[in-house]
Amino acid sequence: MTYLSEISSKLIAFILLFVTGSVCAQNLDIRILRLLNSPSKLPSDKFFQFVSNSAVFPEIGIPAGILTSGLIRQDDEIVRKACVIIGAAAINSGITLAVKYSVNRNRPFVTYPDIAKKSAAGSPSFPSGHTSGAFSLATSLTLSYPKWYIIVPAYSWAGTVAFSRMDLGVHYPSDVLAGALIGSGSAWLTYYINKKLIMNSQKKPVH
């Protein structure tokens, strides 16, 4: 599977390049975050806390719902789509955790005391796990069901999750951008691999 190793090497190279660039742009990073994060409590904070805290439920519930629907209907196509979405989530989680603990970047409120921490945050900052998970799901759904009524809500939700992490002061903009790229890239990678496997199986002669 040379195409898999090629894509993986390109993805790793891009992440490393992005990390280097984000270090150089640290001043811009914190300036943008200060514009988005208010030191005082705002009415919108509760909404963003809700979005941020509940992000994991769609990431688990939607693939599980699609899989259950496929099994009940005995529809192999639906089951396959659910497995691709779950596979993308697994790849995304692995890459996100690997990059997090390799870069080991402090949270913004640790480095800059003027940044108000408005949500729980424990692991290293770069990249944003909430954002990568949300964009992995949004991209997987878009690829599996390319309809406007899926695409618009999926990416609107993912974008809101991403913004909430900055509003709550727990991630830099570069953390969020990297999370979106990793999540979307993981979904595209999984979709591409699945497509290649299907094409290869169809080329095999039937005996």
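Return yes when LEU71 is touching a residue at least 24 places away in the same chain (Cβ under 8 Å) and either assigned to a helix (DSSP H, G or I) or touching a strand residue (DSSP E or B) at 6+ places or on another chain (Cβ under 7 Å) (or both) and no when it is not. Steps first, answer last, please.
Details: touching a residue at least 24 places away in the same chain (Cβ under 8 Å): no; either assigned to a helix (DSSP H, G or I) or touching a strand residue (DSSP E or B) at 6+ places or on another chain (Cβ under 7 Å) (or both): yes.
No: the conditions fail for LEU71.
What's the number of the condition SER93 fails, among (1) small (Gly, Ala, Ser); (2) in contact (Cβ under 8 Å) with a residue 40 or more places away in the chain; (3) surrounded by 19 or more Cβ atoms within 10 Å (Cβ to Cβ)?
So the condition that SER93 fails would be (3).
Taking segment 39-90 only, how many residues are of a type in the set (Val, Ile, Thr), over 17 Å from the mean Cα position of the chain (by Cα) and either surrounded by 11 or more Cβ atoms within 10 Å (Cβ to Cβ) or at positive phi (or both)?
Step one: filter segment 39-90 for residues of a type in the set (Val, Ile, Thr), giving 51, 56, 60, 62, 66, 68, 72, 78-79, 84-86.
Subset that is over 17 Å from the mean Cα position of the chain (by Cα): 66, 68, 72, 78-79.
Next cut, either surrounded by 11 or more Cβ atoms within 10 Å (Cβ to Cβ) or at positive phi (or both) only: 66, 68, 78-79.
The number of residues fulfilling the criteria is 4.
Would you pick out the residues in segment 50-68 that are outside any helix (DSSP H, G or I) and touching a helix residue (DSSP H, G or I) at 6+ places or on another chain (Cβ under 7 Å)?
Residues of segment 50-68 that are outside any helix (DSSP H, G or I), as a first pass: 54-55.
Result: ALA55, single match.
So which residues in segment 145-172 are surrounded by fewer than 24 Cβ atoms within 10 Å (Cβ to Cβ) and within 14 Å of the chain's Cα centre (by Cα)?
Scanning segment 145-172 gives ALA154, TYR155, SER156, TRP157, GLY159, THR160, PHE163.
Bear in mind these aren't lab numbers, they're just calculated from the coordinates by the rules spelled out. Every value quoted in this text rests on a predicted model; they were computed, and no experiment measured them. For neighbour counting, all protein chains shown are included, and Cβ atoms are generated from backbone atoms with ideal geometry for every residue, glycine included.
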